[in-house]
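Below is one structure; the comments refer to it alone.
The values are calculated or read from the model by the stated rules, or taken from the named source; none is laboratory data. Just so it is clear, the model here is predicted, and its values are computed rather than measured. Here Cβ is always computed from backbone atoms with ideal geometry, including for glycine, and neighbour counts include all displayed protein chains.
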Amino acid sequence: MCAALVGALAALVVASAELEDYCGRTEPSIEALAPAALAGLELAAVGVVTRHGARAPAKRSSCWPGFDPDAIGWTCARPAEKHELDGLRFALSYAGTPSTIGERSGCAAGQLLDEGRSQHRALGRALRAAYVGESAAVGALLPDELPLFGETGLALRSSSLERAIVSGEELVAGLVNASARAFRRDARRAIPWTVGEPDFEFIYPNAKRCPRLSELEAAAATSFARDPEASAFDARTRAALEFAMGGGELATLRGNGALDCLAATSCQSAVDTGAALPANLSGALATDAWAAIQAYEAHLLSHDRAAWSRLAMGALGHQVLQHARSAVEGQLGRPKFALWSAHDTTVMPLMAALGVHDGRWAPYAAHFVFEVWRQSGAPPARAHGATPAPGVAPATKGARVRLLYMGRAITARLPGCADAGALCAYEQLEAALAPWSLPLDEWLAKCEPTQHERAARGVWLRAAAPRDGEGPARARLSAAAMLARAAAVAAVAAAVAVAYARRARSVPYAAARARPGREGDRELEQRLLLAI
């Protein structure tokens, strides 16, 4: 039996308990450290990677015959409301979407619920209690009266999806104690916030940006199907769902669609009895469905030494590594607190790539935290963003790290840290990240499909090698191949043009990107060049 299936079955003895955990209703807190573990150390940086809070289903689904999303009382704020919270004004506003989860529902597909906002406000308060001010329970990383403009000490990043942006905004509002602070109207400038273009995003697995992910996912699916016990359990559960429910998306047991059918409805049933799962989807069948969904996902995340996860998170991993390195080196002017407000499909593969994922689906408001500690009073190596001097090694001596998930320490899961105690040597984090975290250009090169995958797609066509005596020794394309290739390039060019047009129309987004120079434009242009 594959390890993913064993782990999922062992963890899912009682479906109701697991679903309660998934709903993310436990009050968040950050585990404290014993003072003895911190002797001679100071907290240099914290990085937080989160999943958004509770949301409406990500799409309109026919979960099972007779499923009516309008009968379920999901509660959402108006999707077009401006992003202004307790005097804080963020640079982005969300224009909403015409796609809804039902004919009469007020929630857009995938929209953050009011509960999801509260979850991240509470998480922000927990992070404040741990890391802000002299009374911080873990370490005084940031001052109590945190400056919000100019050099804030914060680096804020999210996907462009409303649920990730608003979750992050709520977290920041809790972190800075916005509800208790007075802001002069003339000082209410927008807080810089970085988002990615959807077609070019790397904060979550994106096969459009990284085509080779499809190849690796197919390999993982083939491997899963070849495991006799795992595939047999999967097939039995599918058949049972088909028989009990009469079909529907839940019976596919794959991805967020099936997960929403089971989990989003169950979470809502705790506050709305009309949202309860059907009577024929309860007990053992719900347990098996939950286990099967997680077993396949866990296999995808861990297959072939987490190959899919490592590639999916390669560019994000580089950002994580740079944040940690800048702290160890004590770079002047660096952000001390970095937030990546993202998705379950960010938190899980990132943790899998690091070797610390437990095989369970990340709940609403899931949070993976890494702390970087360095020797107290160690001098800075250089200014933030400056190139290190030749021959000068990073000042890693004595630096330590701690990893937490859902507020509890998981440092011992990191390879090389099993016996390290409360804190582990920084070098172990670097060793776990360095093999697969790549700068954007190198990551894009890794993302190109292999020759086998290109041939299978029939789009990426190589010139046929000339035979002996067939004229000039140069590669040639047939007329059909040239037309196919031209069409492929034209499609990419059209996508780039659409992205530019969308950017031009979206003034709030364009004004808030806070990217150095024209990095976003270079990324769009690079994508086009790679396709030619």
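Every residue, every condition in (1) under 18 Å from PRO198 (Cβ atoms); (2) modelled with pLDDT under 95; (3) out of contact with any helix residue (DSSP H, G or I) (no Cβ under 6 Å at 6 or more places or on another chain), yes or no:
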{"position": "LEU300", "(1), (2), (3)": "no, no, no"}
{"position": "HIS303", "(1), (2), (3)": "no, no, no"}
{"position": "TRP308", "(1), (2), (3)": "no, no, no"}
{"position": "ALA315", "(1), (2), (3)": "yes, no, no"}
{"position": "HIS318", "(1), (2), (3)": "no, no, yes"}
{"position": "GLU329", "(1), (2), (3)": "no, yes, yes"}
{"position": "PRO335", "(1), (2), (3)": "no, yes, yes"}
{"position": "ALA338", "(1), (2), (3)": "no, no, no"}
{"position": "SER341", "(1), (2), (3)": "yes, no, no"}
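Does segment 118-141 hold any residues that are over 30 Å from CYS76 (Cβ atoms) and of a type in the set (D, E, K, R), and which are they?
GLU134
Yes/no per residue for (1) assigned to a loop (DSSP other than H, G, I, E, B); (2) closer than 27 Å to ARG209 by Cβ; (3) at pLDDT below 85; (4) not assigned by TED's automatic domain parsing to the domain that holds ASP344:
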position: LEU146; (1), (2), (3), (4): yes, no, yes, no
position: GLU151; (1), (2), (3), (4): yes, no, yes, no
position: ARG157; (1), (2), (3), (4): no, yes, no, no
position: ILE165; (1), (2), (3), (4): no, yes, no, no
position: GLY168; (1), (2), (3), (4): no, yes, no, no
position: PHE183; (1), (2), (3), (4): yes, no, yes, no
position: ASP186; (1), (2), (3), (4): no, no, yes, no
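Report yes if ASP344 is of a type in the set (D, E, K, R) and over 21 Å from HIS120 (Cβ atoms), otherwise no.
No; evaluated as a whole, the condition is false for this residue.
Among the aliphatic types (A, V, I, L, M) and over 25 Å from LEU250 (Cα atoms), is that true of LEU301?
Considered against the rule, which asks whether it is among the aliphatic types (A, V, I, L, M) and over 25 Å from LEU250 (Cα atoms), LEU301 comes out as no.
If you go through segment 203-236, how many residues are basic (Lys, Arg) and over 27 Å from the mean Cα position of the chain (by Cα)?
Result for segment 203-236: 2.
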